[in-house]
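First the structure, in the form of structure tokens, and then the observations on it.
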Amino acid sequence: MPKVLRPLLGRPMVSHVIDALRAAGVEDIALVVGYRADEVVRALGEGVAYVLQEEQRGSGDAVRCARDRFRGFEGALVIMCGDSPLFRAETVRAMIHEKRDSGAVAVLASAVLDDPSGYGRILRDDTGRIIGIVEESCADENQRTLKEVNGGAYVFDSPWLFAGIDNMIENEAGEYNLTDMARVAVEQGRTVSAVECGPSDLLGVNMPEELRAVETILLRRTS
């Protein structure tokens, strides 16, 4: 089964992500599909558009596959992961407002964690300006001590993103990480901003125990 279709409170996991987007006022939603794409389309139906990523080569490549779908779109493009169902609509709205108010070309969801293991770290200079994101596997000893992490939800200036997305650098695994667009923005002298969210919002699902933990949090929120 594709991971995004794993049931969470009786519905596909990705449906909770779509709910948050809609509640935040995002109307035009496209889901990038790859592995067993036909099953995802069949399960979710016609409520969203679909973009095919024929070869899974990372989050940045997945977004690049949607370039034609959003050609001509001039607004704020929200990008979320289908296996991170705990992001709240208010977080998405705050990120959209931050992009508008700050003039940033990219806004990240961030959180400060007591144990940041497994997450990419947000790098800032002495003035607090975001200068990059480093994945944990590539972080040096000092960078791994940083507590502020990248949450994996983004709002981009759509024309800027797709005009520069080919500037991403392929990593050692042969993939393109969307986080590399922070580097592109900084090298161009553009602003990258962040909106802090709750630590639980960041939780993704890779293992059965994580699915159970996420379900417990959702139940607590709705009770």
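FYI, it's all coordinate maths here, none of it is from the lab. The structure presented is a predicted model; accordingly, all values stated were derived computationally and were not measured. Backbone-built Cβ (ideal geometry, glycine too); neighbour counts: all protein chains shown.
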Can you name the residue in the stretch 78-103 that is among the small types (Gly, Ala, Ser) and surrounded by 15 or more Cβ atoms within 10 Å (Cβ to Cβ) and is also nearest to Ala182 (Cα to Cα) among such residues? Ala94
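Quick check on Gly204: is it more than 26 Å from Asp101 (Cβ to Cβ) and under 14 Å from the mean Cα position of the chain (by Cα)? Can you show your working first?
Values: more than 26 Å from Asp101 (Cβ to Cβ): yes; under 14 Å from the mean Cα position of the chain (by Cα): yes.
In short, yes.
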Being touching a residue at least 24 places away in the same chain (Cβ under 8 Å), of a type in the set (A, V, I, L, M) and touching a strand residue (DSSP E or B) at 6+ places or on another chain (Cβ under 7 Å): is that true of Ala111 here? yes
Any residue in the stretch 114-124 that is touching a residue at least 40 places away in the same chain (Cβ under 8 Å), surrounded by fewer than 19 Cβ atoms within 10 Å (Cβ to Cβ) and not in a strand (DSSP E or B)? no
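Would you call Glu46 within 30 Å of Gly10 (Cβ to Cβ) and of a type in the set (Asp, Glu)?
Working: within 30 Å of Gly10 (Cβ to Cβ): yes; of a type in the set (Asp, Glu): yes.
Criteria met by Glu46.
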Does Arg144 satisfy the criteria of being in contact with an Asp or Glu (Cβ under 9 Å, 6 or more places away or on another chain), buried (at least 19 other Cβ atoms within 10 Å of the Cβ) and charged (D, E, K, R)? no
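Wholly within the stretch 128-217, which strands (runs of 3 or more DSSP E) include no fewer than the required count, namely at least 3 residues that are of a type outside the set (A, V, I, L, M, F, W, C), closer than 25 Å to Leu86 by Cβ and touching a Phe, Trp or Tyr at 6+ places or on another chain (Cβ under 9 Å)?
Values: elements: 130-134, 148-157, 192-196.
Those strands (runs of 3 or more DSSP E) span 148-157.
Can you find even one residue in the stretch 180-190 that is farther than 18 Å from Ala66 by Cα, touching a residue at least 24 places away in the same chain (Cβ under 8 Å) and either of a type in the set (Val, Ile, Thr) or touching a helix residue (DSSP H, G or I) at 6+ places or on another chain (Cβ under 6 Å) (or both)? Full working, then the answer.
Within the stretch 180-190, the first condition is being farther than 18 Å from Ala66 by Cα, and the residues that meet it are 182-190.
Keeping just the survivors that are touching a residue at least 24 places away in the same chain (Cβ under 8 Å) gives 182-183, 185-186, 188, 190.
After this cut, where a residue has to be either of a type in the set (Val, Ile, Thr) or touching a helix residue (DSSP H, G or I) at 6+ places or on another chain (Cβ under 6 Å) (or both) as well, the list is 186.
For the stretch 180-190, residues farther than 18 Å from Ala66 by Cα, touching a residue at least 24 places away in the same chain (Cβ under 8 Å) and either of a type in the set (Val, Ile, Thr) or touching a helix residue (DSSP H, G or I) at 6+ places or on another chain (Cβ under 6 Å) (or both): present.
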